[in-house]
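The values are calculated or read from the model by the stated rules, or taken from the named source; none is laboratory data. None of these values were measured; they are calculated from a predicted model. Glycine gets a Cβ as well: all are built from the backbone with ideal geometry, and neighbour counts include every protein chain shown. Keep in mind that these areas ignore ligands, DNA and RNA; they rest on the heavy atoms of the full protein, side chains included. Shrake-Rupley method; radii C 1.70, N 1.55, O 1.52, S 1.80 Å.
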Amino acid sequence: MRNAVLFIALAVLALTPVSGALAGPPADPFTVTGIQVDASAASAVEAQNIAIDSGRQRAWTTLIHRLAKQEDWAKIPPLDDQAIQRLIASYLPVNERRSTTRYSASMTYTFNADAVRRLLRGQNVAYTDMAANPILIVPLDPHYEAHGAWTNAFFNPRYSHAAVPLNLPIPDAPTVSALASVSFDFAQWSQLQAIAGRVRADSAMLLLLVNAKGKVTVKLRYLGPAAPWTIPDVDVPEPAGAPPAKIAADAAEAAAAAVIEAWKAHAAIDFSKRFRLVAEVHVDSLEDWGTMQQKLATVPTITDIGVEAMDIGEARLAISYVGTAQQLKDSITQAGYDLENDNGDWTLAPLPPPTTASTP
């Protein structure tokens, strides 16, 4: 009797297709903060207007650099001040200073998300407006040193607050001890998963600093549950005799930029590419069905889900999506589900709960 009730309830729910949202994440990627403005004029009001107007172009450039891959920046046509003003939904000044002839502030500009998306899609620019999960970074030189020059170079808050937050390990004794055995070539995700979890990261990046024969190179290696990224080595030009702190700082900046670009290349979605697949899913209860609906609705690459067939405890879902199948799989993984392809037969299942690893 219970199975019959479940079948009827699922059949009723199947009449309403699940629609995946393409909206941005809670941490709004279309809001640009920290744009410093300063202007002088004949009056305070005129100075304020000039200052606020002067920050729009810089905010727009910051936004484009955040959303799109560097190789695609040139595809976006230059916009004049009026065009950018039409794209801005609101602005907010912070730390204002004013006199009778001068105005300065730190500005926050919030762009109209739908208008920006339409513009980018109209130029066939792949972009990502997903909030990036933090990445654990493990500086190696050739081993991890909690307070070495290479690690210290990443203590700058701008790395942990970047478009892709790069978080260092918590430098307590258990973590330092656990990372002592981590090597660039042989490290495994299982060695870093608990350490990453402590800084809210769900993946890790090993950054090996190589300084030999006057050439500075950073080698990068991704570790995590998703498909690995391939990131080329980063060469850092340095003048002969540069102090170690400057070498480390310049190498950190170059490595961070490479990680962020690699993330965008991995996550940027080409919305001109639309596909469809059919996946089998096992449903144990009405609660599980509702949870799956809610979580799949947060996947940004899914445009629609329809139920093609249903039986007791099973369903066949038609998933329409943009981007690549790998991007779909990665996005679904973030939602807590596993999408697998076995010779063209797709299956969707909840990921097992994470193991409660002891704090290293």
Go over the candidates 182, 218, 176 one by one and state the one that is in a loop (DSSP other than H, G, I, E, B) and either open to solvent by less than 50 Å² (accessible area, probe 1.4 Å) or of a type outside the set (Asp, Glu) (or both).
-> 182
Could you grab the pairs with beta carbons closer than 7 Å, sequence gap of 6+ or different chains, first residue in the stretch 123-143 and under 21 Å from residue 159 (Cβ atoms), second one part of a strand (DSSP E or B) and among the small types (Gly, Ala, Ser)?
-> 135/204; 136/204; 138/204
What residue, among those in the stretch 241-275 that are in contact with a Lys or Arg (Cβ under 9 Å, 6 or more places away or on another chain) and outside any helix (DSSP H, G or I), is nearest to residue 228 (Cα to Cα)?
-> 268
Any residue in the stretch 208-225 that's among the hydroxyl-bearing types (Ser, Thr, Tyr): show its pairings with residues that are surrounded by fewer than 20 Cβ atoms within 10 Å (Cβ to Cβ) and at pLDDT 95 or above at Cβ separation under 8 Å, as long as the two are six or more apart or on different chains.
-> none
Residues in the stretch 279-292 that are open to solvent by less than 50 Å² (accessible area, probe 1.4 Å), more than 15 Å from residue 351 (Cα to Cα) and assigned to a helix (DSSP H, G or I): how many?
-> 1
Residue 272 versus (1) within 21 Å of residue 351 (Cβ to Cβ); (2) open to solvent by 20 Å² or more (accessible area, probe 1.4 Å): which is the lone unmet condition?
-> (1)
Across the stretch 282-298, the tally of residues that are within 22 Å of residue 323 (Cα to Cα) and either in contact with a strand residue (DSSP E or B) (Cβ under 6 Å, 6 or more places away or on another chain) or touching a residue at least 40 places away in the same chain (Cβ under 8 Å) (or both) stands at 6
Could you run through the stretch 293-315 and say how many residues are over 14 Å from residue 348 (Cα atoms) and assigned to a helix (DSSP H, G or I)?
-> 1
Restricting attention to the stretch 68-113, and to residues there that are without any contact (Cβ under 8 Å) to a residue 12 or more places away in the chain and within 16 Å of residue 48 (Cβ to Cβ), which single residue is nearest to the chain's Cα centre (by Cα)?
-> 95
Only one of these conditions is not met by residue 263: (1) within 16 Å of the chain's Cα centre (by Cα); (2) without any contact (Cβ under 8 Å) to a residue 40 or more places away in the chain. Which number is it?
-> (2)
Working only within the stretch 221-253, note down all residues that are touching a helix residue (DSSP H, G or I) at 6+ places or on another chain (Cβ under 7 Å) and either open to solvent by less than 20 Å² (accessible area, probe 1.4 Å) or at pLDDT 85 or above (or both).
-> 223, 224, 231, 234, 236, 245, 248
